[in-house]
Amino acid sequence: MAKPQYAILRFAKYKGPGIHDIEAHNERTKEKYASNPDIDPERTHLNFHLVEPADRYRKESKRQIEEAGCRTRKDSVRVVEALFTVSPEFFKGKKRADVKAFYEYALEFMKQEQNPKTYISAVVHMDEKTPHMHLCFVPLTADNRLSAKEIVGNKKKLSVWQDKFWAHMVQKYPTLERGESASESGRKHIPVRVFKQMTRLTKQKERLDKLLGDVKLTNYKERTQQIIAFLDKYIPDIEQMNTELQKYKATFESADAEIKALEESNDTMAEKLKKLQTESAIKKLKDNQLRQDYEDARAILDRIPPEILRQYRSRANNQKQEIHR
């Protein structure tokens with residue numbers, strides 16, 4: 001199974017002196033980078049901007065803040081940096097043009113969330129292990145207030161940022177997964193790989209269903225052996241899926257609550273369908289379906305004749321004893 005590849009978005013805030021340091025790093029103005037041995041100076045010429053800085057970071061942030069008429073304190077956050085990156089394996093075998101297209105699409109997401117007029121610089125680093133983009137902007141709100149706290153938010157909002165970023169990126173890059181960071185409620189995002197595992201398990205269930213439906217007096221012995229051999233893989237896969245789904249108990253509870261509320265509402269069918277068009281509701285329905293598919297896959301075990309199950313367990317125990325001898 002291929003290793004999961006994640007779309008990652010992180011934020012950092014800068015108040016004063018730190019602005020100079022992040023500019024030096026992003027724009028590669030230092031002669032040496034002893035603190036970051038991952039930088040390969042021979043590849044620095046491959047770095048490129050999607051937003052060219054009009055001036056020094058500190059000077060540009062000051063200009064924007066003054067034009068917006070914002071008052072500042074000594075501890076005011078004047079620059080926010082958004083780091084966009086992915087798992088190292090994602091860009092293996094990709095060309096520079098592919099990397100550029102990826103981060104142009106990532107920047108399109110950010111333009112929906114933060115006014116591009118506040119951007120200072122967006123630079124893609126090709127001279128480190130994993131190509132990534134640093135976007136620096138002045139944290140001005142839509143009504144021209146300086147508030148990094150409102151834009152970036154707390155732990156819960158950071159999780160929402162990551163949800164929205166992944167939802168945007170996966171439209172064009174469907175193999176990317178959302179990381180498993182949780183919001184304050186404890187709800188976790190279910191990775192794509194779990195849905196893929198469930199799809200395979202459902203196909204196995206359909207195969208087992210056919211075997212069980214074809215057990216006759218004339219082929220009983222042959223089908224029994226086929227079912228027992230099939231269970232050698234099917235039951236461990238059921239157990240593995242159960243272990244996976246236990247991680248997302250809070251997610252399922254959240255989905256149950258939302259779907260139940262929708263069912264109990266007095267809305268017309270048209271209004272319900274409109275609500276279901278929201279990304280969050282659709283996701284919860286998919287999460288709920290995942291659990292139902294698992295229950296269906298497990299329920300088929302109840303249809304296996306007891307004598308066949310006894311033979312399977314007897315064989316499994318014999319195999320364990322052989323291993324421990």
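Observations on the structure shown:
- Scanning region 89-101 for residues that are out of contact with any helix residue (DSSP H, G or I) (no Cβ under 8 Å at 6 or more places or on another chain), at pLDDT 95 or above and open to solvent by less than 70 Å² (accessible area, probe 1.4 Å) yields one hit, A101.
- Filter result for the condition that a residue is of a type in the set (V, I, T), open to solvent by 10 Å² or more (accessible area, probe 1.4 Å) and either in contact with a strand residue (DSSP E or B) (Cβ under 8 Å, 6 or more places away or on another chain) or touching a residue at least 40 places away in the same chain (Cβ under 8 Å) (or both), over T141, T130: T130
- Of everything in region 43-85 that is β-branched (V, I, T) and in a loop (DSSP other than H, G, I, E, B), the residue that is farthest from the chain's Cα centre (by Cα) is T72.
- Whichever residue in region 218-239 is among the β-branched types (V, I, T) and surrounded by 13 or more Cβ atoms within 10 Å (Cβ to Cβ) and, among such residues, is nearest to V194 (Cα to Cα): I238
- Of note, T44 does not satisfy the criterion of being within 20 Å of E128 (Cβ to Cβ), of a type outside the set (G, A, S) and in contact with a Ser or Thr (Cβ under 7 Å, 6 or more places away or on another chain).
- Selected residue (only one of K92, K111, K157 is free of Cβ contacts under 8 Å to residues at least 60 places away in the same chain and farther than 25 Å from L46 by Cβ): K157
- Subset tally (residues that are touching a Phe, Trp or Tyr at 6+ places or on another chain (Cβ under 9 Å) and modelled with pLDDT under 90) for region 142-160: 2
The values are calculated or read from the model by the stated rules, or taken from the named source; none is laboratory data. Predicted model only: the values in this text are computed from it and were never measured. Cβ coordinates were reconstructed from backbone atoms using ideal geometry, including for glycine residues, and neighbour counts include every protein chain displayed. The protein model used for the area step is the full one, side chains on, heavy atoms only, and it has no ligands, DNA or RNA in it. Shrake-Rupley method; radii C 1.70, N 1.55, O 1.52, S 1.80 Å.
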